[in-house]
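Student: Sharing a structure here in structure tokens format.
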Amino acid sequence: MGSCVAPVSLLARNRPICAFRLPRSALYLCVMDRLIITGGRKLNGTIAVSGAKNSALKLMAASLLTNEPLTLSNMPNLADTRFLSQLLGVLGVEVFWPKGDSECRLNAAELTSTIAPYEQVRKMRASFNVLGPMLARYGHATVSLPGGCAIGARPVDLHLKALEALGADLKVEEGYVKAAAIHGLKGAQIVFPFVSVGATEHAMLAATLAKGETVLENAAREPEIADLADCLNKMGAKVSGAGTATVRIEGVERLNGTQHAVMADRIETGTYAMAAAAAGGDVVLEGAPVAALGAMIAAMKEAGVKVDSDEAAATIRIRRNGLALNAVNINTQPYPGFPTDLQAQFMALMSLADGTSIIRETIFENRFMHAPELSRLGADIQVRGQEAVVQGVAGLKGAPVMATDLRASVSLVIAGLAAEGETEISRIYHLDRGFERLEEKLTGCGADIKRLSDTEE
Ligand code: EPZ
């Protein structure tokens, strides 16, 4: 629910609103927007890719490591990034980020608090990543446990074990992690039992200011980790091996401010690639992180979609005109495997394939909530545990559906664009968490997609 919650002052005056909750300090309001898509139109044109949400969030947390300003460009204007900037503000970070601007200046010269409250952390899990940087710089921090979410339980045990290995004294009390390292953090060897993006990033952030060397083994290799390491190194950190399974961090005494451009969003790129393939047409994705999308490009080519990628020009051209789609099986995997964050979108595409595809989700235990919603549009999908069997159909038909999480929501957009007739998607605040100017980008390619505001209690 986090991203539908906004203080009164942030809401436009003429939008219908409803009070659904009254927290202690302020009247909060909930705007429930819907998308109406009239499908069946081919997409033709160019889409500029935005900065990556999942990189931006960790880069913002890095601002806590220094008393000098960190300026991030290519920042995506999203509910999640705006939300984290509010939490940083609560901690005393000066945030200069005009609405709609792609440059954000964060100055954590002096924190006024090292406590990240439940109200904020529960709404967005990535907020938990403020723990390590505050602990590393100040020797203490208290951060609410994030709790589970729609796609799975998502514990933070690996984050906590990594901080403990770095010498933190941790107590979990009343839903909060209270962390202390009175004499500072110390470098350590940390072997992750399985790959975790968040725990790798969290350990990396904290280890930059630890005494001595930290070695992370079985580290996640996602491109966002290399982006974070690049920024940290510009800040004076000594991180090597990011993007491989072994990351080394030589601790330094202090970090400085810097400027850094957030990498392009590989998940947004893959999403629009699949939208173009499902609806048909000819779309060029500009500013695309081509090298980070190998598994997606391979799966699309196997499906019979024409994909022309140019790494030097940072473009991917997607074409599909009338040709049938081949059914393709995928397993989601940590990078460089097929990303879980594109699984729902690929399922929407495969629902139109010629044949049966098997989609296995191996990262999260409950990430098929889009399947029954896609079925409302006529898709034939049977979910058996961690596997979805998608029997392709000749066409989809518009229907009212409900968004359940960020990537599930956008899979419904893809299906709606390809479907005949009108699709109404409710609860789209999930979409606003991770897709910048989605309607504008799709309308620019000829889609018929409108946002309506509504109220809900
Ligand atoms: C990041 O989540 C992304 N979020 C997710 O994107 C993405 O799906 C995921 O990585 C995998 O690529 C952000 O970067 C903000 P993990 P993260 O730690 O770091 C389990 C989106 O849609 N685990 O790699 O939380 C966990 O439950 C989001 O943009 C533990 O058991 O993912 C999961 O099953 C959704 N204990 C698996 O590991 C831990 O301490 C991988 O999670 C940590 C994780």
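The values are calculated or read from the model by the stated rules, or taken from the named source; none is laboratory data. These numbers were taken from a predicted model, which means no experiment stands behind them. Positions of Cβ are generated from backbone atoms using ideal geometry, with glycine treated the same way; all protein chains shown enter the neighbour counts.
Student: Might you let me know whether the range 111-132 holds any residue that is within 20 Å of Ile249 (Cβ to Cβ), among the small types (Gly, Ala, Ser) and buried (at least 16 other Cβ atoms within 10 Å of the Cβ)?
Tutor: yes
Student: Restricting attention to the range 199-228, and to residues there that are of a type outside the set (Asp, Glu) and away from the ligand (no atom under 15 Å from the Cβ), which single residue is farthest from Asn129 (Cα to Cα)?
Tutor: Checking each candidate, the answer is Gly212.
Student: Can I ask one more? Please find, among Ser357, Ser411, the residue that is in a strand (DSSP E or B) and of a type in the set (Gly, Ala, Ser).
Tutor: Ser357
Student: Among (1) more than 23 Å from Val197 (Cβ to Cβ); (2) surrounded by fewer than 22 Cβ atoms within 10 Å (Cβ to Cβ), there is one condition Leu349 misses while meeting the rest; what is its number?
Tutor: Checking Leu349 against (1) more than 23 Å from Val197 (Cβ to Cβ); (2) surrounded by fewer than 22 Cβ atoms within 10 Å (Cβ to Cβ), the one that fails is (2).
Student: Still on this structure, please answer the following. Can you tell me which of (1) at pLDDT 95 or above; (2) surrounded by fewer than 16 Cβ atoms within 10 Å (Cβ to Cβ); (3) among the β-branched types (Val, Ile, Thr) is the one Ile182 doesn't meet?
Tutor: (1)
Student: So which residues in the range 225-269 are surrounded by fewer than 24 Cβ atoms within 10 Å (Cβ to Cβ), assigned to a strand (DSSP E or B) and not β-branched (Val, Ile, Thr), if there are any at all?
Tutor: Lys238, Ser240, Arg248, Glu250, Gln259, His260, Ala261
Student: Shifting gears a bit: Tell me, please, whether a residue that is more than 13 Å from the ligand (Cβ to nearest atom) and either in a strand (DSSP E or B) or among the small types (Gly, Ala, Ser) (or both) can be found in the range 115-127.
Tutor: Yes, that holds for at least one residue.
Student: Please specify each residue of the range 93-107 satisfying the condition of being crowded, with 16+ Cβ neighbours inside 10 Å and over 22 Å from Ala52 (Cβ atoms).
Tutor: Asn107
Student: Considering only residues that are over 30 Å from Asp380 (Cβ atoms) and crowded, with 16+ Cβ neighbours inside 10 Å, look in the range 306-340 and name the one that is nearest to the ligand (Cβ to nearest atom).
Tutor: Tyr335
Student: Check off (1) at pLDDT 95 or above; (2) within 23 Å of Ala141 (Cα to Cα) for Leu78 and give me the number that stays unchecked.
Tutor: Going through the list (1) at pLDDT 95 or above; (2) within 23 Å of Ala141 (Cα to Cα), Leu78 breaks only (2).
Student: Okay, moving on. Looking at the range 295-313, which of the residues that are in contact (Cβ under 8 Å) with a residue 12 or more places away in the chain and part of a helix (DSSP H, G or I) is farthest from Asn326 (Cα to Cα)?
Tutor: Ala295
Student: A follow-up question, please. Identify, by number, the condition in (1) within 22 Å of the chain's Cα centre (by Cα); (2) under 21 Å from Asn326 (Cα atoms); (3) of a type in the set (A, V, I, L, M, F, W, C); (4) in a strand (DSSP E or B) that Val389 doesn't meet.
Tutor: Exception for Val389: condition (1).
Student: Sticking with this one: Do the conditions hold for Leu374, that is, is it more than 16 Å from the ligand (Cβ to nearest atom), assigned to a loop (DSSP other than H, G, I, E, B), at pLDDT 95 or above and buried (at least 23 other Cβ atoms within 10 Å of the Cβ)?
Tutor: So Leu374 fails the test.
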